[in-house]
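Below: the structure, in structure tokens.
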Amino acid sequence: MTGPEPGSARDPRGRSGFSLVEVLVALTILAFVALGIAVLFTRSMSLNASGYDYAQLAAQARQTMEELSGLPYSHPLLAPTESGPHRLSRGHFELRYTVTEHRVGSWADISAEDHDAGRHDAGWPAVLPGSGNVKRITLVVRSKADTGRIGRREVTVTAIKALQ
């Protein structure tokens, strides 16, 4: 038996391995895969930051609505808004809320179908200020910070305050 044949994997003269072209092709493929992963990583960071922004907005909306709902029915901050929304500023947030007063005899009078169809005031009888038994508070919380991210940074919540 003689030694290994020239060009085989066990060639002791160093002629085994990959050619320069094969190495360049492998590196090119690896670069494309790495570039695709980098784009996905960047996008996931952006979506994570966006989710954090919305979580902060929702938390601020919930906290403010709880504070407003906890006020007495006749509190000045719950006076019906006729000349535009009430405005508040808290940290990085701009808050606007409106209060409308209604007289509701039965909750069956208020149609959820009208609300779902975009007719938000349908079924809510208008009354003179001070003569209603229900106040509807609509709060809009918007981020003041320009995050440079795509999408509107705004949350709207509505609550009902009944006269007790």
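Coordinate-derived values only; no laboratory data. Note that the structure is predicted; figures quoted are calculated from it, not measured. Backbone-built Cβ (ideal geometry, glycine too); neighbour counts: all protein chains shown.
Numbers at a glance
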{"item": "Using θ = phi - 60° and Karplus 6.51 cos²θ - 1.76 cosθ + 1.60, couplings along the stretch 65-75 (whole Hz; Gly, Pro as x)", "result": "5, 5, 5, 5, 5, x, 6, x, 4, 8, 4"}
{"item": "Projected label distance in nm at R96 and L47, using a 7 Å step from Cα toward the beta-carbon", "result": "3.1 nm"}
{"item": "Stretch gain in nm, segment V157-S83, where the contour uses 0.36 nm per residue and the Cα spacing is subtracted", "result": "24.6 nm"}
{"item": "Inter-probe distance in nm under a simple model that places probes 7 Å from Cα toward Cβ, at F18 and L30", "result": "0.6 nm"}
